[in-house]
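Q: Handing you this structure, nothing more for now.
The values are calculated or read from the model by the stated rules, or taken from the named source; none is laboratory data. This is a predicted model, so every value here is computed, not measured. Every residue, glycine among them, receives a Cβ derived from its backbone with ideal geometry; neighbour counts consider all protein chains shown.
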Amino acid sequence: MNLKVGDEVTIRKDLNTNMMSSTAIGVVSQMLIYAGKKTKITEVSDYKGKPKYRLRIDNASWNWTDDFLYKKLTWKEIIENLK
């Protein structure tokens, strides 16, 4: 995903502590209360060549990755992705 600061995302509903991102960032039990909730990205940085995110919902306390989030695309974004 090409997420940026200000994008609204949803944290996966099936988030669990057995999940591990492709960059070995894991889910801890304190993150589970956010499963299925919408939030905005407050910071984007690079970790092992892939993006990691800080989110408004947890006051930027945890590291989140594409593996734990999804973004609902607008029709314009869907069309752009098809090109």
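Q: Of the numbered conditions (1) of a type in the set (Phe, Trp, Tyr); (2) surrounded by 14 or more Cβ atoms within 10 Å (Cβ to Cβ); (3) without any contact (Cβ under 8 Å) to a residue 40 or more places away in the chain, Trp64 fails exactly one; give the number of that condition.
A: (3)
Q: Moving on to the next point. Which of the residues belonging to segment 29-67 are at pLDDT below 95 and among the hydrophobic types (A, V, I, L, M, F, W, C)?
A: Ala60
Q: If you don't mind, there's one more thing I want to ask. Pick from segment 68-83 the residues that are farther than 19 Å from Ile25 by Cβ and part of a loop (DSSP other than H, G, I, E, B): which of them is modelled with the highest pLDDT?
A: Lys72
Q: Please verify whether Met19 is in contact with a Phe, Trp or Tyr (Cβ under 6 Å, 6 or more places away or on another chain) and surrounded by 15 or more Cβ atoms within 10 Å (Cβ to Cβ), treating the condition exactly as stated.
A: no
Q: If Tyr70 satisfies every condition in (1) surrounded by 15 or more Cβ atoms within 10 Å (Cβ to Cβ); (2) touching a residue at least 60 places away in the same chain (Cβ under 8 Å) but one, which is the exception?
A: All conditions are met except number (1).
Q: Filter segment 1-44 for residues that are hydroxyl-bearing (Ser, Thr, Tyr) and under 18 Å from Lys71 (Cα atoms); which is nearest to the chain's Cα centre (by Cα)?
A: That would be Thr10.
Q: What tally of residues in segment 51-63 results from selecting those that are farther than 14 Å from Gly36 by Cα and in contact with a strand residue (DSSP E or B) (Cβ under 7 Å, 6 or more places away or on another chain)?
A: 7
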